[in-house]
Amino acid sequence: MLITHPTSLSIQDSIKFAFRHLSEDEFPARQQLIMNLIENGSIEPDGFFVGIDNDIIVGVSIAQLRHDGLIMIWHPVTSDNYTIRPFFPLIDDYAKSRNAPAVILIADKDQFVDEKIFFENGFTYISDMLMLASNASETVTQIANENLKNNSLLQFIPASKDTNKNGEKNYREHIIKLMCETYVNTRDFPKLLMLSPVDRILDEYQRNPFFRPELWFFVRKLYGSDKNYKDIGVLLLTDSPPDQIELTYMGLVEAERGQKYSKEIIKFTKKTACDYGRKLVTTAVDERNIAALRSYINHGFITWDRKKIYAKIFE
């Protein structure tokens, strides 16, 4: 197997080969995603590897260079009688050439995973990532009724409209500070969150073509009156037309966890989705984050997909 990079003529065939395990319903969305990542430079020619034998594609590995500095690998795949082993030295070289702190490898639920090869090449299993979804519209009436008797301690302040005491808009710095506090003892992929600075993670979120600054919120807790408050968390949503709002990040500072605030945050998210005419709220959660997973399930979310996450962290 000769490993090279796809040409403009072979790129579509290479994508089809890489994701041939997907159903006919699932493949078009994945194909569009990969093409978008190629067009915006997140998948570079040097990170797109194709194995060729007698002019036939027999293997593919696709590396995505994230704006937070991490390299994300879509699980290498080969035809029968070929091994994915030759891809890993090339992946290492590519990651090191980009000064990546780690390589994250994602395997779809329907892909065969030979963990032995991953472990041989320095990867460790992190966790399963569960993709969740919930119908937003079914809660509109319930939310409206509860608002009539609402005595909530929480407010959701659009970050882009918030100002400091001098009237200056500094929401990005405030989000960074709060997110760092919410990372303390987090159970949602803790090994991965510590690999990139928060500002670069925010940059990655903002690269989404449907990013809307008004969908980033401070979670504010009131004490007695509106004049006494404290920001205790962050809620970052991403529009995903035509019918979804993605709950990209939800985090509370450690002292405020365990007080059932997730119920209010999820309801607010669903109401926001309805306000934007979106039918679904989607999110992703670490399978090992039992508390968060229970909150989502208790509020109407179901698992629609699962992915295995592995990582190779460079010293």
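FYI, it's all coordinate maths here, none of it is from the lab. These numbers were taken from a predicted model, which means no experiment stands behind them. All Cβ positions, even for glycine, are placed from backbone atoms using ideal geometry, and neighbour counts span all protein chains on display.
Calculate one ³J(HN,Hα) per residue across segment 123-136 by plugging θ = phi - 60° into the Karplus curve 6.51 cos²θ - 1.76 cosθ + 1.60, and present them in order as whole Hz with x for glycine and proline.
8, 10, 6, 9, 4, 8, 9, 9, 9, 10, 8, 8, 6, 7
Out of [x] 52, 42, 40; [y] 59, 44, 38; [z] 73, 40, 33, which label holds the value of Cα extents along the principal axes in Å that was computed here?
Given [x] 52, 42, 40; [y] 59, 44, 38; [z] 73, 40, 33, the structure-derived one carries the label [z].
Given H placed 1.01 Å from N in the peptide plane, which residues other than close sequence neighbours of Ala136 have an amide H under 5 Å from its amide H?
Leu280, Val281
Using a simple charge model, +1 on the beta-carbon of Lys and Arg, -1 on the beta-carbon of Asp and Glu, nothing else, what dipole does segment 2-122 show about its Cα centre, in debye to the nearest 20?
On the way: 9 positive and 18 negative charges, 52 e Å.
Taking the Cα centre of segment 2-122 as origin, the dipole is about 260 debye.
Any of Lys221/Lys267; Lys270/Lys307; Lys221/Lys263; Lys177/Lys230 with alpha carbons more than 19 Å apart? Name them for me. Can you show the working numbers first?
Working: Lys221/Lys267 16 Å; Lys270/Lys307 24 Å; Lys221/Lys263 14 Å; Lys177/Lys230 13 Å.
Those over the limit are Lys270/Lys307.
Whole-Hz Karplus ³J(HN,Hα) for segment 40-49, in order, using 6.51 cos²θ - 1.76 cosθ + 1.60 and θ = phi - 60°, x for Gly and Pro?
8, x, 6, 10, 8, x, 5, x, 10, 9
Can you figure out the FRET efficiency of Gln12 with Asn228, using R₀ = 51 Å and their beta-carbon distance, to the nearest 0.05?
The computed FRET efficiency comes out at 0.30.
Suppose only helical runs count, i.e. DSSP H with n ≥ 4. What mean residue ellipticity at 222 nm does that imply for the chain under -39500 (n - 2.57) per run, divided by all residues and rounded to the nearest 500 deg cm²/dmol? Provide the component values of the computation, followed by the final result.
Working: 10 runs with 96 residues, N = 315.
Value at 222 nm, helices only: -9000 deg cm²/dmol.
Might you report the magnitude of the Cβ-based charge dipole of segment 132-306 about its Cα centre, with Lys and Arg at +1 and Asp and Glu at -1, to the nearest 20 debye? Kindly include the intermediate steps, with their values, before the conclusion.
On the way: 26 positive and 23 negative charges, 76 e Å.
In total the dipole reaches around 360 debye.
Using +1 at the Cβ of each Lys and Arg and -1 at the Cβ of each Asp and Glu in the chain, identify which of Tyr261, Gln31, Ala63 lies farthest towards the dipole's positive end.
Value: Tyr261.
Karplus couplings for segment 259-271 from phi (6.51 cos²θ - 1.76 cosθ + 1.60, θ = phi - 60°), rounded to Hz, Gly and Pro as x?
Per-residue couplings from phi come out as 10, 6, 6, 4, 4, 5, 5, 5, 4, 4, 4, 5, 5 Hz.
Give the long-range amide H neighbours of Thr248: residues separated by 5 or more places, or on another chain, with amide H under 5 Å away, using H modelled in the peptide plane at 1.01 Å from N.
Residues meeting the amide H criterion: Leu236, Leu237, Thr238.
What fraction of the DSSP beta bridges in the chain is antiparallel, stated in percent and rounded to the nearest 5? Write out the running numbers ahead of the final one.
Numbers: 59 of 67 bridges.
Beta bridges within the chain, antiparallel portion: roughly 90 percent.
State to the nearest 20 debye the size of the charge dipole of the chain about its Cα centre, where the only charges are +1 on K and R beta carbons and -1 on D and E beta carbons.
Numbers: 38 positive and 43 negative charges, 284 e Å.
Once rounded to the nearest 20, the dipole reads 1360 debye.
Below 8 Å, C-alpha to C-alpha, sequence gap of six or more: please give me the relative contact order for segment 1-109 in percent. Before the final figure, lay out each step's value.
Working: 154 pairs, mean separation 26.2, N = 109.
Over segment 1-109, the number comes to 24 percent.
Filter the GluC sites (Glu not before Pro) in segment 1-92 to those in DSSP coil with at most 11 other Cβ atoms within 10 Å of their Cβ, and list the result. The partial results should precede the final answer.
Details: sites: Glu24, Glu26, Glu39; in loops: Glu24, Glu26.
Passing both the DSSP loop test and the Cβ count: Glu24.
If amide H atoms are built 1.01 Å from N in the plane of the peptide, which residues on other chains or at least 5 residues away come under 5 Å of the amide H of Gln64?
Placed amide hydrogens put Met72, Ile73, Trp74 under 5 Å from Gln64.
7 Å from Cα along Cα→Cβ at both Arg306 and Glu115: what's the point-to-point distance in nm?
It is 1.3 nm.
Positive end of the dipole of the chain, charges at C-beta (+1 Lys, Arg; -1 Asp, Glu), about the Cα centre: which of Ala102, Gly233, Pro76 has its Cα farthest in that direction?
Positive-most Cα among the choices belongs to Gly233.
Out of Gly224, Leu22, Pro213, whose Cα points farthest toward the positive end of the dipole of the chain (charges: +1 Lys, Arg; -1 Asp, Glu; placed on Cβ)?
Positive-most Cα among the choices belongs to Gly224.
State the dimensionless ratio Rg/Rh of segment 24-126 (Rg: radius of gyration of Cα atoms; Rh: Kirkwood radius). Kindly include the intermediate steps, with their values, before the conclusion.
Numbers: Rg = 13.6 Å, Rh = 14.5 Å.
Here the Rg-to-Rh quotient is 0.94.
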